[in-house]
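What follows is calculated from the coordinates using simple rules that are stated; it is not laboratory data. Just so you know, these numbers come straight off a predicted model, no measurement behind them. Cβ coordinates were reconstructed from backbone atoms using ideal geometry, including for glycine residues, and neighbour counts include every protein chain displayed.
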Amino acid sequence: MAEGYIVSEEHLIDNYRLVNCLATGSCSQIWEVNDQETGERFAMKLLLEEAFKQAEMKATLKREYKIAAGLDHPNIIQVFGHVQTKKHAYMIMEHFGGPNLKQIIRGDILVIHMRLRKLVECLLMGLSHVHEKGWLHRDVKPDNIMMTKATDVRLIDFSLSSKAPSGLSKMLGGKSKTIQGTRTYIAPEIVRRKLPSAQSDLYSFGVSLYECLTGRPPFMGSSPNDLLIKHIQEPPAIPSAFNENVSTEM
């Protein structure tokens, strides 16, 4: 059991038995859990102890649930509930039996190449649904895309999602106060602190696809700021420069 983690001796949280830790982040963990009443298997996104002490983190998790609950698409992870008690804050999601693309890239990138067309189609349809609902994902990257061997695909993690600009703010093209997202995959307009758009998500998707083809992102910097500058100033090398097996069709 992870350090700083609040669980009973029976490894139970409410009606859920914790079976296996699937992923650990700076603020939360993803657990495979069993519902003790129904026997069903789910995934639980659980705030870690230090994050649980912060009202902002609890509000972010609740907001993420509300956004995901308003989406209904086969290529977007399903959520079933959000619970906050005096001891825990967590979200219940479908248990998806596949790794994320980052794990596949590190393990056997050819698995992605063999399923590339289906992967692209599924992700674009999922992102299109997000945008049609008026949201931006804001953190599209291989870590947030899951895929099974049967090319069943899910887009996950809406913790950074925001409403798409509309009306006057979209017309005037306002400024963003902060740079949100993962710097390796962030769109140039975000670096310039312009308002994000659906195209920002598509740029991040393109960077992710590049990494799926080559095993590395198009830009790598000596510092976080150097990486941001490259998104604005440098054209990426063609994918075949890093992987000679990348065909023109790909």
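Miscellaneous remarks
- Relative contact order of segment 12-94, pairs being alpha-carbon contacts under 8 Å that are 6 or more residues apart, as %: 23 percent
- Peptides 85-91, 54-60, 204-210, 132-138 ranked from most to least packed give 204-210, 132-138, 85-91, 54-60, packing being the mean of other C-beta atoms within 10 angstrom over each peptide's residues.
- Reciprocal mean inverse distance between Cα atoms of the chain - Kirkwood radius, Å: 19.4 Å
- Pairs from 102/163; 66/86; 53/230; 118/194; 58/163; 66/230 whose Cα-Cα separation, in the structure shown, is over 30 Å: 53/230; 118/194; 66/230
- Within segment 173-250, trypsin sites (Lys or Arg not before Pro) in DSSP loop having at most 10 other beta-carbon neighbours inside 10 Å: 177
- Nearest-ten-degree value, helix 198-214 long axis tilted from longest Cα axis of the chain: 80 degrees
- Globularity ratio of segment 101-241, using Cα Rg and 2.2 N^0.38 Å: 1.06
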